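Asker: Okay, handing you the structure first.
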Amino acid sequence: MWPYPKIVAHRGGGTLAPENTVAGLRAGLAYGFRAVEFDVMLSRDSIGMVIHDPEFGRTVAGQGSVPQTDAVDLAGMDAGSWFGSAFRDEPIPFYTQFIDYCKAQRIWMNVEIKPADGFEADTGAWVAKVTRDSYAAELAAGDPAGYPLLSSFSFEALAAARDAAPELPRGYLLDQIPADWQAQAQELGAVAIHTNHKHLTAELAAQIKAAGFGLFCYTVNDAARGREILAWGVDGFCTDRIDLIGPTFA
Ligand code: G3P
Ligand code: MG
């Protein structure tokens, strides 16, 4: 039901490196993490880039937005200086660079499809197709532990991912679990519910597990809380505090 790693580094390397950068993947590896969550959004020319915010201003300086900027220009932007001068000129990665790095280092990927407004279906379909093509050998081998897991808060994006590459597993991200969660998850063919641990209860966790879904939480930065939700039957969670909560945490 959850063939994937239990503890996952959030946005690359959590709080130890600028989010959604290769430096983040390197930081995760330095702490023994071979499991990562990160965010993918389409550029103006429909190329998947690893970045969280559609608008510039937080992790990259200036004005403008990801969906209004071509990939080659995004890839030249400094996504590291906001975090620290040691990371100056750390670029916004192409999704394909993250795939290459993760495959080379045997890092499991939870790919969060993070569409800019209006690009939900395009982003879901693009991420699904590129991921399927990159993981064709793993998919043919038939061991789910080797498959990346796609996830999204966007029902539309996940539906498009399902239609483009039904063989890839999908997790449905829900900040708060609505009453009709199971019908929605079934329509998406989701294997797992990904949810905000702050709103999860032991009862809800038990319901989700009893219904046969994987259950993954974001973003757990406190070890006691991590132990508590794992005891509820949560299968895994991502963390920013990769220095406090290691890959073998239980
Ligand atoms: O995928 C879990 C988590 O990353 C969702 O929230 O905003 O950090 O992408 P966010
Ligand atoms: Mg995310």
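Asker: What does the charge count around PHE33 come to, taking other residues whose C-beta lies under 13 Å from its C-beta (Lys +1, Arg +1, Asp -1, Glu -1)?
Answerer: On the way: positive: LYS6, ARG11, ARG26, ARG34, ARG106, ARG241; negative: GLU37, ASP240, ASP243.
Net local charge, PHE33 excluded: +3.
Asker: Would you mind telling me which residue in GLY189, GLY28, GLY142 has the biggest mean-square fluctuation in a Gaussian network model of the chain, where springs connect alpha carbons within a distance under 10 angstrom?
Answerer: Of GLY189, GLY28, GLY142, the most mobile in the Gaussian network model is GLY142.
Asker: Oh, and also: Determine the per residue accessible area of the chain with all protein chains present and a 1.4 angstrom probe, expressed in square angstrom. Don't skip to the answer; put the middle values down first.
Answerer: Numbers: 10260 Å² over 250 residues.
Solvent-accessible surface per residue comes out at 41 Å².
Asker: What's the ranking of 231-237, 115-121 by average number of surrounding C-beta atoms within 10 Å, highest first? If you can, show how the numbers build up before the last one.
Answerer: Numbers: 231-237: 19.3, 115-121: 17.1.
The most tightly packed comes first, giving 231-237, 115-121.
Asker: Pairs of Cα atoms under 8 Å, at least six residues apart: use those to get the relative contact order of the stretch 136-250, whole percent. Can you show the working numbers first?
Answerer: Working: 159 pairs, mean separation 19.8, N = 115.
Rounded, it is 17 percent for the stretch 136-250.
Asker: Per-residue ellipticity at 222 nm for the chain, helices alone: DSSP H runs ≥ 4 residues times -39500 (n - 2.57), over residue total, nearest 500 deg cm²/dmol?
Answerer: -9000 deg cm²/dmol
Asker: As a test of reading the structure, rank LYS198, LYS6, LYS114 by solvent-accessible area (1.4 Å probe, protein chains only), most first. Kindly include the intermediate steps, with their values, before the conclusion.
Answerer: Values: LYS198 155, LYS6 85, LYS114 35 Å².
From most exposed to least exposed: LYS198, LYS6, LYS114.
Asker: Could you check how much of the accessible area of the chain is carbon and sulfur, as a whole percent, using a 1.4 Å probe? Let's see the in-between values first.
Answerer: Working: 5210 of 10260 Å².
Using a 1.4 Å probe with all protein chains present, the chain comes out at 51 percent carbon and sulfur.
Asker: Taking LYS198 as the anchor, which aspartates and glutamates have their alpha carbon closer than 14 Å to its alpha carbon, excluding any fewer than eight residues away along the same chain?
Answerer: ASP175, ASP222, GLU228
The values are calculated or read from the model by the stated rules, or taken from the named source; none is laboratory data. The structure presented is a predicted model; accordingly, all values stated were derived computationally and were not measured. Positions of Cβ are backbone-derived with ideal geometry, glycine not excepted, and every protein chain shown enters the neighbour counts. Side chains included, ligands, DNA and RNA excluded: accessible areas come from the protein's heavy atoms. Shrake-Rupley method; radii C 1.70, N 1.55, O 1.52, S 1.80 Å.
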